[in-house]
Amino acid sequence: MELFNALGLNLKILLAQFVNFTIFLFILWKFAYKPMLKFLDDRKDTIEKGITDAQKAEDRLIELGAEKKKILEETLAQAKKESKEIIEIATKAGEEKRNMIITKAKEEIKDIITNEKEKITLERAQAIKDIKEEVTNLVILSLEKVLKKRIDPKKNEKIIKDIIKK
Amino acid sequence: MNISLSAETIFNIGSFGVTNSFLWTVILSIIIMIVSVTITRKAKKVPGKLQNIFEMIIEGAYGFVLSVMEDEKKAKKVFPLIFSMFLLTLMANLSTFIPGQAAITIKSGENMVPLFRSIMADYSLVFVMTLISVVTTQIVALFVHGPFGYIGKFINIGGIKEFFVQAFKGNVKFSILAQGFLDFFLGFMDIIGEIAKVVSLSFRLFGNIFAGEVLLAVLLFLAPFILPIPFKFLSLLTAIVQAFVFSVLTLIFIKMASEIDEDELVEQVTM
């Protein structure tokens, strides 16, 4: 007890110090440490979230790029395929048309040739006929002149025809 | 030169004598509370300079407590007590370096008493904080070990009981009895150890600060110029180190009390 007196301790001052310290502790706990630690935790979470979000965005971006590239490639392949098909069809069609035109032309030429041939044959026949008539007339005339005597025309003609036939 | 072991009473409120160190305790507590609560209230997402320093201190201290406790839940519970002790002790010790304060005296009754006294050079708050520290440690131990485990740690008769159980079976082994007595003795020593904790913890802080004050007072009396400067630095070191030591010892006591030995854990499970 003497030591306590020498150190200046009494119950009142100890109680007062205890109350003081308790209030100090409580106030700091409730209004400083707790909010501050929560605040720091929140900020840590925010930063963490920010970093993960950024990472996610980056990943998404890369993904999108890959997707875009894929789509582009697909479209390109499709277009190539389609154009190839179109060219094939066009080539086929062109060839068909060409063949058709050639066939038609050939037929037309054939027709023309046939017609011309017929015409020529006909004309030749006509010419031969005409020549024959002319020759006959000429022979008759020359014979009449040679003979100077008119034989019966019917008999005459018969004789001439026989000669010609011979 | 007047060196007083006890704090001097400045004035009385009723029958309660307000001592100079108590007055400063109240003033310092209020200042710390206002500053920290204001900083916390005004906390912004992007911190300013003052908030940055405050955050750094709190975060560092919390990180330290967490590294000792190794458990987030426990650390969150114990951190306010440890850090409040540290903050108050540190500020109290550092506030003695405000120049000129020792010169102010006030008339109280017939004596002239200094208005200012280093808070930790008065045993009252040190004693209260030590009691809080030790009682908290005991409460933690009580909760962790359970009432029987807690008492069993101090009054350890398990070994002696074991001897009699074996003896009853006709197997008299004095080595067990010797071990039992040793355990009992060690348990008894634990009681003394807990009481000694109060003394060692409190007088470490009080003694260092008080001795520093006395040493400086004596030196200022003997050689007022230049010579006290190294001792001033020394007491600055003491001020910081003792604040740290006091709070960290409390932290370690609580940590030790909150731990369960493996064999005890097995015992609890098999019970």
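The values are calculated or read from the model by the stated rules, or taken from the named source; none is laboratory data. All values derive from a computational prediction rather than experimental measurement. Note: ideal-geometry Cβ built from the backbone for every residue, glycine included; neighbour counts use all protein chains shown.
See the values below:
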| read-out | value |
| --- | --- |
| Whichever residue in segment B:68-78 is surrounded by 12 or more Cβ atoms within 10 Å (Cβ to Cβ) and in a helix (DSSP H, G or I) and, among such residues, is farthest from the other protein chains (Cβ to nearest Cβ) | B:Val68 |
| Test: residue in segment A:113-135 that is touching a helix residue (DSSP H, G or I) at 6+ places or on another chain (Cβ under 9 Å) and in a helix (DSSP H, G or I) | yes |
| Pairs with Cβ under 9 Å, 6+ apart, first in segment B:227-238 and over 16 Å from B:Leu94 (Cα atoms), second at pLDDT below 85 and of a type in the set (S, T, N, Q) | none |
| Check on B:Gly187, part of a helix (DSSP H, G or I), at pLDDT 85 or above and closer than 26 Å to A:Ala6 by Cβ | no |
| Hits in segment B:29-59 (condition: of a type outside the set (S, T, N, Q), within 23 Å of the chain's Cα centre (by Cα) and crowded, with 19+ Cβ neighbours inside 10 Å) | B:Ile32, B:Phe54, B:Ile58 |
| Check on B:Val214, free of Cβ contacts under 8 Å to residues at least 12 places away in the same chain and surrounded by fewer than 15 Cβ atoms within 10 Å (Cβ to Cβ) | no |
| Any hit, segment B:42-53, residues being under 26 Å from A:Gln17 (Cβ atoms), of a type outside the set (Gly, Ala, Ser) and touching a residue at least 12 places away in the same chain (Cβ under 8 Å) | no |
| Tally of residues being within 15 Å of B:Ala243 (Cα to Cα), assigned to a helix (DSSP H, G or I) and either in contact (Cβ under 8 Å) with a residue 60 or more places away in the chain or more than 11 Å from chain A (Cβ to nearest Cβ) (or both) across segment B:79-133 | 23 |
| Residue among B:Val65, B:Val18 that is in a strand (DSSP E or B) and hydrophobic (A, V, I, L, M, F, W, C) | B:Val18 |
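Residues checked against (1) within 30 Å of B:Ile132 (Cβ to Cβ); (2) facing another protein chain (nearest Cβ under 9 Å):
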position: A:Leu3; (1), (2): yes, no
position: A:Ala6; (1), (2): yes, yes
position: A:Ala16; (1), (2): yes, yes
position: A:Trp29; (1), (2): yes, yes
position: A:Met36; (1), (2): yes, yes
position: A:Leu40; (1), (2): yes, yes
position: A:Ile51; (1), (2): no, no
position: A:Ala57; (1), (2): no, no
position: A:Gln78; (1), (2): no, no
